[in-house]
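The values are calculated or read from the model by the stated rules, or taken from the named source; none is laboratory data. Not measured: the values here are computed from a predicted model. Cβ placement follows ideal geometry from the backbone for every residue including glycine, while neighbour counts extend to all protein chains displayed.
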Ligand code: ADE
């Protein structure tokens, strides 16, 4: 898989890809991540990427031309399955979307800033608009990092124990059950006995019950889906 990220702040985005699972995925060649500084696609001397909005009002709008130039240059090299725009008024990211996107070959992620991008960018280039939650970030970069993490960890070979992504919260619309490790008794706080019983069918049933109980308490909306 290849991910191209278009941003005005590449330095804000790079560090999540330089550690742990994402770093390993890149080193193993399971994913390629490329950063494109929008200012490199500006022709004027001021390297201006935003301007005042038509009709007046506070806040700058990202201009269409540098974005068009950047996306068009990328599209000349290869075909893209998705061109995603990170924005608080997009569709809220969930595990299902991450699963779908993890099956794509090439995707572009455009990070918004200020008041966002000229609507014509959204109308003519963007195939999917994603928000990472009902709050406003200073820009789309942190959202893009979150999106990339959810996608990349699903790629075959990225996680050591390949089955572990399948038992994450939200797969099957259930939150994950509680987990414990040694010691079995810490200051009198004991691990549920069933987990040390060695009775694996019963342990599996216990985990399913706990996952259901936790989902019912915390996210009943997931059970309705
Ligand atoms: N840009 C600003 N806020 C955002 C959000 N909540 N999700 C994605 N991109 C954003």
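Please go through (1) under 30 Å from residue 48 (Cβ atoms); (2) at pLDDT below 95 for residue 163 and return the number of the only condition it doesn't satisfy.
If we test residue 163 against (1) under 30 Å from residue 48 (Cβ atoms); (2) at pLDDT below 95, just (1) comes out false.
So, in region 160-176, how many residues would count as being buried (at least 18 other Cβ atoms within 10 Å of the Cβ) and assigned to a loop (DSSP other than H, G, I, E, B)?
Here the count works out to 2.
What is the residue count in region 81-91 for residues that are more than 19 Å from residue 153 (Cα to Cα) and within 14 Å of the ligand (Cβ to nearest atom)?
7
Determine the pairs where a residue that is in the same structural domain as residue 65 (by TED's automatic domain parsing), located within region 114-135, has a partner that is in a loop (DSSP other than H, G, I, E, B) and within 9 Å of the ligand (Cβ to nearest atom) with Cβ atoms under 8 Å apart, the partner being 6 or more residues away or on another chain.
Matching pairs, first to second residue: 130/93; 131/93; 132/93; 133/93.
Restricting the search to region 128-147, which residues are near the ligand (Cβ under 8 Å from one of its atoms), part of a strand (DSSP E or B) and more than 11 Å from the chain's Cα centre (by Cα)?
The answer is 139, and nothing else.
Report, ordered by the first and then the second residue, all pairs with beta carbons closer than 6 Å, sequence separation of six or more or different chains, a first member in region 94-110 that is at negative phi, and a second member that is surrounded by fewer than 22 Cβ atoms within 10 Å (Cβ to Cβ) and assigned to a helix (DSSP H, G or I).
Note: pairs meeting the criteria are 98/150.
Whether any residue in region 111-126 is within 14 Å of the ligand (Cβ to nearest atom) and in contact with a helix residue (DSSP H, G or I) (Cβ under 7 Å, 6 or more places away or on another chain) is what I want to check.
Yes, because at least one residue in region 111-126 is within 14 Å of the ligand (Cβ to nearest atom) and in contact with a helix residue (DSSP H, G or I) (Cβ under 7 Å, 6 or more places away or on another chain).
One line per residue, one yes/no per condition, for (1) more than 25 Å from the chain's Cα centre (by Cα); (2) surrounded by 12 or more Cβ atoms within 10 Å (Cβ to Cβ); (3) in a strand (DSSP E or B):
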{"residue": "54", "(1), (2), (3)": "yes, no, no"}
{"residue": "70", "(1), (2), (3)": "no, yes, no"}
{"residue": "74", "(1), (2), (3)": "no, yes, no"}
{"residue": "84", "(1), (2), (3)": "no, yes, yes"}
{"residue": "91", "(1), (2), (3)": "no, no, yes"}
